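Asker: Let me give you the structure first, and then I'll get to my questions.
The values are calculated or read from the model by the stated rules, or taken from the named source; none is laboratory data. Quick caveat: nothing in here was measured; it's all calculated off a predicted structure. Neighbour counts are summed over all protein chains in view; Cβ atoms, including those assigned to glycine, are modelled from backbone coordinates with ideal geometry. When the accessible area is computed, the model is the full protein with side chains, heavy atoms only, and any ligands, DNA or RNA have been set aside. Shrake-Rupley method; radii C 1.70, N 1.55, O 1.52, S 1.80 Å.
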Amino acid sequence: MKYFTLPLITATFFVGVFFIFFRPTESYLEQSSEVKKLNLGSCVDCKISKESPNTVELEDPDKCSRDRLYFQSSLKKIDPFLLKRRSDKEGGAFPMSCVGYIMRRFIDATSHASRFYSYCAKAVGAPVRNRKTHCVSEDYVSSVYNSYVDVMSCLDIPQTDLIPKLYNESGFHINTLGGGMDAGVGQLTGPAIASVQQLAVFDGENKTWLEMFKEEINKSDKPACRRVAKITSLFSKIAVGSEQRCALIAAPENPLKNVLYAGIFYHYMLRAQTGSRYLQGYTYLPKGDSYVRLNHKAKDIDMSGFFKEYKIKERLKELGISRPNMLALRQMMVTLGYNAGMETAFIYLDRYLKSRKSIKLLLKDSDFDFQKHFYSNWMKKSSKPEDEKRRVKELRQARSAPYRLPFPLYLRMVQRTGAPGYLSAVSQKLLLLDKEMGAGLCTTPNFLRF
């Protein structure tokens, strides 16, 4: 049996339709009998040893049933550099165990087929639904982990930023298929695919986003970019229609192609929201007539795009946040943009800030803490009559004036595009990973909070 070893734990998450289908329930949050074999313990008791290294148990293909090995022969055709176990020096900002754990922890269809897992014999045509969870073998996990790490590193996307989101939507499986034909690891939709292949003006030239990224990746001296660039078929256009979604599911083309499209779409949204550019492996923000390289650790950054159009930074200061964490807000808005829409995310924030200003109600940092404020806490009935009466009164008041609440609760009440509470659901996956895998091991510290 193969294992991934984690470091010792120290004290120290496109797609509204898909989320609606997978809104967490009590039965979903319970571990299956198979997943309980993980040495990390179940999510029910969350017992993780601090005396010995934690391991995630992978599955042996020889012991998986044939109906769970439908991609096995195709996985063997993936480029060898995506199948080998990587060393810590080869670009991974988090252990491969995180991906293995999520793949085993996601929707369990080891015994009975699920309509949310699909199969494609080749990279053309429409996926066929109703498959069991593919055998979580070392080749399978390695292909996903290495593809993800290389693309994120090459495209200058913090590797752990998207993990809770992907945990929430695809579980990192290459064949997850949402209710709206959202495909694969990145849960790509028709509009997202079209955006990647859309024409735009870059330095005075008309080219597709895909073409621009191919050029910039080829200019980069990053090892990850060199590995990605050598597979030229990655940069071929694919059909937008759902009848050809296999192009983003079938192996050996995927998971790498799917993750690349997801990464380019991430930058597509960033350009609209922040005015950023991707150049030779790095992200740059506009400053005057030029660009400066983004510092992923700096909290006080100036952005263009919707951030500038809606004067977000200035308005936060007017409302009492003297030093707003703009990097954290960038994370929130791009993540919300996946679900609510690129600009719609800012429309919600704009209305929130206008309402607070109209009643002269100041903001504080904790009003943007998605790891703290959850609507579900209000839904828990109290056994004490006086406490229950107070809870009902507070809930009634909140519904009549949601702008008085922290931004996470406001969004849960007013969001009408995508799935209400989407960012909170992503945050819950982050907290779950921190609890079971160790704080910050698979996640970005202080993600979705100021």
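Asker: Kindly establish whether Lys393 is part of a helix (DSSP H, G or I) and either open to solvent by 80 Å² or more (accessible area, probe 1.4 Å) or closer than 15 Å to Ile102 by Cα (or both).
Answerer: Judged against the criteria, Lys393 is a match.
Asker: Is it true that Arg226 is of a type in the set (Lys, Arg), out of contact with any Cys (no Cβ under 8 Å at 6 or more places or on another chain) and farther than 23 Å from Ala194 by Cα?
Answerer: Answer is yes for this residue.
Asker: Something else now. Residues to consider are Ser74, Ser87; find the one that is closer than 22 Å to Met181 by Cβ and not acidic (Asp, Glu).
Answerer: On inspection, the qualifying residue turns out to be Ser74.
Asker: Give the residue, chosen from Pro158, Pro164, Pro191, that is under 14 Å from the mean Cα position of the chain (by Cα) and surrounded by fewer than 24 Cβ atoms within 10 Å (Cβ to Cβ).
Answerer: Only one candidate qualifies: Pro158.
Asker: When you scan segment 100-207 for helices (runs of 4 or more DSSP H) that lie fully inside it, which ones turn up with 3 or more residues that are acidic (Asp, Glu)?
Answerer: Ranges flagged: 138-154.
Asker: Got a number for residues in segment 352-377 being open to solvent by less than 90 Å² (accessible area, probe 1.4 Å) and outside any helix (DSSP H, G or I)?
Answerer: Count: 8.
Asker: A follow-up question, please. Restricting to segment 115-137, name every residue that is of a type outside the set (D, E, K, R) and out of contact with any strand residue (DSSP E or B) (no Cβ under 7 Å at 6 or more places or on another chain).
Answerer: Matches in segment 115-137: Cys120, Ala121, Ala123, Val124, Gly125, Ala126, His134, Cys135, Val136, Ser137.
Asker: Kindly check whether there is at least one residue in segment 425-439 that is closer than 15 Å to Phe94 by Cβ and either among the polar types (S, T, N, Q) or surrounded by fewer than 20 Cβ atoms within 10 Å (Cβ to Cβ) (or both).
Answerer: Within segment 425-439 (the criterion being closer than 15 Å to Phe94 by Cβ and either among the polar types (S, T, N, Q) or surrounded by fewer than 20 Cβ atoms within 10 Å (Cβ to Cβ) (or both)), the answer is yes, since at least one residue qualifies.
Asker: Suppose we keep only residues that are touching a strand residue (DSSP E or B) at 6+ places or on another chain (Cβ under 6 Å) and of a type in the set (Ser, Thr, Tyr) within segment 256-279. Which one would you say is farthest from Ile312 (Cα to Cα)?
Answerer: Among those that are touching a strand residue (DSSP E or B) at 6+ places or on another chain (Cβ under 6 Å) and of a type in the set (Ser, Thr, Tyr), it is Tyr261.
Asker: Does any residue of segment 137-144 turn out to be of a type outside the set (Val, Ile, Thr) and open to solvent by 30 Å² or more (accessible area, probe 1.4 Å)?
Answerer: Scanning segment 137-144, I find at least one residue that is of a type outside the set (Val, Ile, Thr) and open to solvent by 30 Å² or more (accessible area, probe 1.4 Å), so the answer is yes.
Asker: Can you name the number of the only condition in (1) polar (S, T, N, Q); (2) surrounded by 14 or more Cβ atoms within 10 Å (Cβ to Cβ); (3) at pLDDT 50 or above that Ser65 fails?
Answerer: (2)
Asker: Of the numbered conditions (1) exposed (fewer than 12 other Cβ atoms within 10 Å of the Cβ); (2) modelled with pLDDT of 85 or more; (3) among the aliphatic types (A, V, I, L, M), Val44 fails exactly one; give the number of that condition.
Answerer: If we test Val44 against (1) exposed (fewer than 12 other Cβ atoms within 10 Å of the Cβ); (2) modelled with pLDDT of 85 or more; (3) among the aliphatic types (A, V, I, L, M), just (2) comes out false.
Asker: Also: If you check Lys308 against the conditions, is it at pLDDT 95 or above and either hydroxyl-bearing (Ser, Thr, Tyr) or out of contact with any His (no Cβ under 6 Å at 6 or more places or on another chain) (or both)?
Answerer: Here the answer is yes, as Lys308 does meet what is asked.
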